[in-house]
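The values are calculated or read from the model by the stated rules, or taken from the named source; none is laboratory data. Everything quoted here is computed from the prediction, not taken from an experiment. Please note that ligands, DNA and RNA were not included when accessible areas were found on the heavy atoms of the full protein model with its side chains. Shrake-Rupley method; radii C 1.70, N 1.55, O 1.52, S 1.80 Å.
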Amino acid sequence: MSVVVRPLALSDLADLLAVQLACYGEGFVESGEVFARRLASPANCSLVLEQGGTVCAYLAAYRSVCGKVTPLHGDFEAISAADTLYLHDMAVLPTRAGQGLAQALLTPLWERAQQEGLRHTALVSVQGSQGYWARHGYVQQVLQDAAQRQRLATYGEGACYMVRSLAAAL
């Protein structure tokens, strides 16, 4: 079955929301309005993955700075001196898990970010995903800034900020 990775578009929002709900349940679902604002951000570099013509995975990402957290339901804020590829949300339909679809989304974004001169990639790990991200070289980083710790807290107990060198991603 053919796999197509392409930029996330407004026309994908209904499918994205269905994937999000299947993966996260009600607790982490972010609205179509939030995603529409993110897509309008000049920092946005989100991708969607279609397999056999069906959207079955997405990766919401944007250019940011290391140590800055986007809160749950927050917008992608454009940064003039971005140094980090921030992975806000990645989801693969549970029925398609284990097929390498997440890697198919991650690899082109890591490559593009490195070509753009970004030095880091960062994310907030939720729902026990720390082990997955650690296998990709991400390490937990303590946030020194109180405002960023408050943003991290919007994800609930157990959420942690993780960072890795972008050069190590390839």
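Laid out as a table, the results:
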{"quantity": "Rounded accessible area per residue of segment 1-158, 1.4 Å, Å²", "calculated": "47 Å²"}
{"quantity": "Descending semi-axes in whole angstrom, ellipsoid equivalent of the chain, from the Cα gyration tensor", "calculated": "23, 18, 16"}
{"quantity": "Contour excess over end-to-end distance, with Cα ends at residue 144 and residue 24 and 0.36 nm allotted per residue", "calculated": "40.4 nm"}
{"quantity": "log₁₀ of I(q)/I(0) at q = 0.17, 0.18, 0.21, 0.22 Å⁻¹ - segment 115-170, Debye sum with one point per alpha carbon", "calculated": "-0.56, -0.62, -0.80, -0.85"}
{"quantity": "Mean-position separation - Cα centroids, segment 81-101 and segment 17-45, in angstrom", "calculated": "12 Å"}
{"quantity": "Size of segment 21-72 as Cα extents on the principal axes (Å, biggest first)", "calculated": "36, 24, 20"}
